[in-house]
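Participant: This is the structure I want to talk about, given as structure tokens.
All of the numbers you see were taken from the coordinates with simple rules; none came from a lab. Remember, predicted model here, so these are calculated numbers, not experimental data. Don't worry about glycine lacking a Cβ; one is built from the backbone with ideal geometry, like all the others, and counts go over all protein chains shown.
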Amino acid sequence: MTNFVDPDRAQFEAFKDLDRDHPIEMLNLVKFRDAAEYPAGHKLADVGLTGAQAYGKYGSETAPIIARLGASILWRGVFQTTLIGPQDEDWDAVFIVRYPSANAFLEMVTDPVYQKAVVHRQAAVETSRLIRCALTGGGEAFG
């Protein structure tokens, strides 16, 4: 499994190049490390947290920012199996977050409190997928 924790510059630029003035949904697929890996010298580096515990710290520290921006978790589920796709990928956290706009998401990731909290995500995550989606409506057919 290839590891993806943070976006690379090209991915982030592609995200910013899309329309920013409508609600977006972000599909989050997250695989935790068995043991969190904080940078050397971080106060939690030798505490022995699991990846799930470190991700919990990320969640609790970023929750006030998400609430202030008007974002919310629309859906959360438990991964069971992959029917179509790489069989070596499984996920510990699967959820969809709705942001009122891409601008709100960008405001979140540039917030100084968020930037301090993201160390927990980086320590926690072995690999992840963060997929931006725009709502197109429902219906009775797949097409």
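Participant: Among residues other than residue 137 whose Cβ falls under 15 Å from its Cβ, what is the net charge (Lys/Arg +1, Asp/Glu -1)?
Facilitator: On the way: positive: 98; negative: 25, 140.
Residues near residue 137 contribute -1 overall.
Participant: Tell me, what is the percent relative contact order of the chain, built from C-alpha pairs under 8 Å that lie six or more residues apart? If you can, show how the numbers build up before the last one.
Facilitator: Working: 226 pairs, mean separation 63.3, N = 143.
Answer for the chain is 44 percent.
Participant: Starting from the Cα-Cα distance between residue 141 and residue 3, subtract it from 0.36 nm times their residue separation and give me the gain in nm to one decimal. List each step's numbers first, then the result.
Facilitator: Details: separation 138, 0.36 × 138 = 49.68 nm, distance 3.44 nm.
Computed gain between residue 141 and residue 3 is 46.2 nm.
Participant: Let me ask something else. Between residue 50 and residue 84, how high is the FRET efficiency from 1/(1 + (r/R0)^6) when r is the Cβ-Cβ distance and R₀ = 30 Å? Nearest 0.05. Don't skip to the end; give the middle numbers.
Facilitator: Working: r = 30 Å, r/R0 = 1.00.
In this case the efficiency is close to 0.50.
Participant: Hey, what do the phi angles of the stretch 36-52 turn into as Karplus ³J(HN,Hα) couplings, whole Hz, using 6.51/-1.76/1.60 and θ = phi - 60°, x for Gly and Pro?
Facilitator: The phi angles translate into 4, 10, 7, x, 4, x, 5, 4, 9, 4, 10, 7, x, 6, 7, x, 4 Hz.
Participant: Now a separate question. Once amide H atoms are placed 1.01 Å from N in the peptide plane, what residues at a sequence separation of 5 or more from residue 126, or on another chain, have their amide H within under 5 Å of its amide H?
Facilitator: 31, 32, 33
Participant: Which option, [x] 14.9; [y] 15.9; [z] 16.4, is the value of Kirkwood radius over Cα pairs in Å that was calculated from these coordinates?
Facilitator: Here Kirkwood radius over Cα pairs in Å agrees with entry [z].
Participant: While we're here: With a ≥ b ≥ c taken as the square roots of the eigenvalues of the C-alpha gyration tensor of the stretch 16-63, please select rounded if a/c is under 1.5 and otherwise prolate if a/b is larger than b/c or oblate if it is not? Each step should come with its number before you reach the end.
Facilitator: Working: a/c = 2.82, a/b = 2.41, b/c = 1.17.
Prolate, since a/c reaches 1.5 and a/b exceeds b/c.
Participant: So how far apart, in nm, are the two label points at residue 103 and residue 76 if each is 7 Å from Cα heading toward Cβ?
Facilitator: Placing both labels 7 Å along Cα→Cβ, they lie 2.9 nm apart.
Participant: If you don't mind, there's one more thing I want to ask. Explain nothing, just compute: Karplus ³J(HN,Hα) = 6.51 cos²θ - 1.76 cosθ + 1.60, θ = phi - 60°, for every residue of the stretch 25-30 in order, whole Hz, x for Gly and Pro.
Facilitator: Using θ = phi - 60°, the values come out as 10, 10, 7, 10, 10, 10 Hz.
Participant: So if each residue of separation counts as 0.36 nm, and I subtract the Cα-Cα distance between residue 10 and residue 133, what length gain in nm does that give? It would help to have the intermediate numbers written out before the result.
Facilitator: Details: separation 123, 0.36 × 123 = 44.28 nm, distance 1.77 nm.
Result: 42.5 nm gained on full extension.
Participant: Another question about this same structure. Each residue of the stretch 81-94 in order: what ³J(HN,Hα) in whole Hz does its phi give by Karplus 6.51 cos²θ - 1.76 cosθ + 1.60, θ = phi - 60°, with x for Gly and Pro?
Facilitator: Running phi through 6.51 cos²θ - 1.76 cosθ + 1.60 with θ = phi - 60° gives 6, 9, 7, 10, x, x, 6, 8, 9, 9, 10, 8, 9, 9 Hz.
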